[in-house]
Amino acid sequence: MAILPVRALPDPALRQKAKRVRAIDSSIQRLIEDMRETMHAVPGRVGLAAPQVGTLLRVIVIGLPEEEDIVLINPEIVRRSGERSVTEGCLSVPGYYGEIKRAESVTAKGRDPKGKEIRIKANELLAQALEHEIDHLNGVLYIDHLENQDKLYKIEDETTQF
Ligand code: NI
């Protein structure tokens, strides 16, 4: 396992659409393990998408406090409902956090590292993390959801980073 460098803006990898994973082989398993280690290397990081470590494949990991890590391959949001304001930061947009709108709850589907199809119904922090990480696979960052630049703030204390 290895801790990978996390790409930050203006790295072009963050703005590209990632490709679907065709076969969950040993290189994908290694990527997943490295992404989990990279995510947990700094407290407050709760998610990571493969493009953030420079791999343009549709793989995300989510590690909420006190919960088992969630790994999703080729994930998609299949249902969104409600709307709420959240504060959000991203490892790839260092030094800032913003106030944006996210869904109240989402349903996501994808495959686990064994290739089994899974569906997750989520709200609160997990719903936010799923939307944030799946956005990364489409080259979208939370700053794209800002209503205006006044909703972007400099980080002064510890903020949850996705
Ligand atoms: Ni992010």
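Taking a ≥ b ≥ c as the square roots of the eigenvalues of the Cα gyration tensor of segment 77-162, is the shape rounded (a/c under 1.5), prolate (a/b larger than b/c) or oblate? Display every interim value, and only then the final one.
On the way: a/c = 2.25, a/b = 1.72, b/c = 1.31.
Verdict is prolate for segment 77-162.
Quick one: what are the phi-derived ³J(HN,Hα) couplings along segment 72-77, Karplus 6.51/-1.76/1.60 with θ = phi - 60°, whole Hz, x for glycine and proline?
Per-residue couplings from phi come out as 10, 10, 6, x, 9, 8 Hz.
5 Å is the cut-off here: which amide hydrogens, built 1.01 Å from N in the peptide plane, fall below it relative to residue 118, excluding neighbours closer than 5 in sequence?
Under 5 Å from the amide H of residue 118: 110, 111, 112.
With only Lys, Arg, Asp and Glu charged, each at its Cβ (+1 for the first two, -1 for the last two), find how big the charge dipole of segment 28-162 is about the Cα centre; round to the nearest 20 debye.
Details: 17 positive and 24 negative charges, 128 e Å.
Dipole magnitude for segment 28-162 comes out near 620 debye.
Quick one: go through segment 131-162 and flag any residue whose amide nitrogen is under 15 Å from the point 7 Å out along the Cα-to-Cβ line of residue 85.
Zone members listed by number: 146-153.
Among rounded, prolate and oblate, which fits segment 12-154 when a ≥ b ≥ c are the square roots of the eigenvalues of its C-alpha gyration tensor, a/c under 1.5 means rounded, and a/b larger than b/c means prolate? Present the calculation step by step, with values, prior to reporting the outcome.
Numbers: a/c = 1.63, a/b = 1.37, b/c = 1.19.
It comes out prolate by the Cα gyration axes.
If we count other beta carbons within 10 Å of each Cβ, what is the order of 28, 60, fewest first? Let's see the in-between values first.
Details: 28 19, 60 30.
With the sparsest Cβ surroundings first, the list reads 28, 60.
Based on other C-beta atoms within 10 Å, arrange 99, 66 from fewest to most. Intermediate values should be presented prior to the final figure.
Working: 99 16, 66 4.
The fewest-first ordering by Cβ neighbours comes to 66, 99.
Can you list the residues, at least 5 places off or on another chain, whose amide H is less than 5 Å from the amide H of residue 54, using H built in the peptide plane?
7
Starting with the fewest neighbours, write out 85, 27 ranked by other beta-carbon atoms found within 10 Å of each beta-carbon. Mind dumping the intermediate values first?
Values: 85 9, 27 12.
Arranged by neighbour count, lowest to highest, 85, 27 become 85, 27.
What angle, in degrees between 0 and 90 and rounded to the nearest 10, separates the Cα long axis of helix 124-137 from the longest principal axis of the Cα atoms of the chain?
Approximately 70 degrees, to the nearest 10.
Convert each backbone phi in segment 81-89 into a coupling constant with the Karplus relation 6.51 cos²θ - 1.76 cosθ + 1.60 (shift: θ = phi - 60°), then list the ³J(HN,Hα) values in order as whole Hz, x for Gly and Pro.
With the stated coefficients, segment 81-89 comes to 9, x, 8, 8, 8, 9, 9, 8, x Hz.
Which one, 115, 162, 6, projects farthest toward the positive side of the charge dipole computed for the chain from Cβ point charges (K/R +1, D/E -1)?
Ranked along the dipole, the leading option is 115.
Could you derive backbone 3J(HN,Hα) for segment 98-108 from the dihedral phi with the Karplus parameters 6.51, -1.76 and 1.60 (θ = phi - 60°), listing whole Hz in sequence and x where the residue is Gly or Pro?
The phi angles translate into x, 10, 9, 9, 10, 5, 6, 9, 9, 10, 10 Hz.
Run the numbers on segment 12-154 and let me know its relative contact order in percent, using alpha-carbon pairs under 8 Å that are six or more apart. Intermediate results must be reported in sequence, preceding the final value.
Working: 274 pairs, mean separation 36.6, N = 143.
Computed value for segment 12-154: 26 percent relative contact order.
Let me know the longest stretch in the chain that avoids all trypsin sites (Lys or Arg not before Pro) found in a DSSP loop with at most 11 other C-beta atoms within 10 Å. List each step's numbers first, then the result.
Values: sites that count: 17, 20, 22, 114, 116.
It works out to 23-113.
Quick one: angle between helix 26-40 and the longest Cα principal axis of the chain, in degrees between 0 and 90, rounded to 10, please.
Between the helix axis and the principal axis of the chain, the angle is about 30 degrees.
No value in this document is a laboratory result; all are computed from the given coordinates. The shown structure was predicted, so the numbers you read here are calculated from the model rather than taken from an experiment. For neighbour counting, all protein chains shown are included, and Cβ atoms are generated from backbone atoms with ideal geometry for every residue, glycine included.
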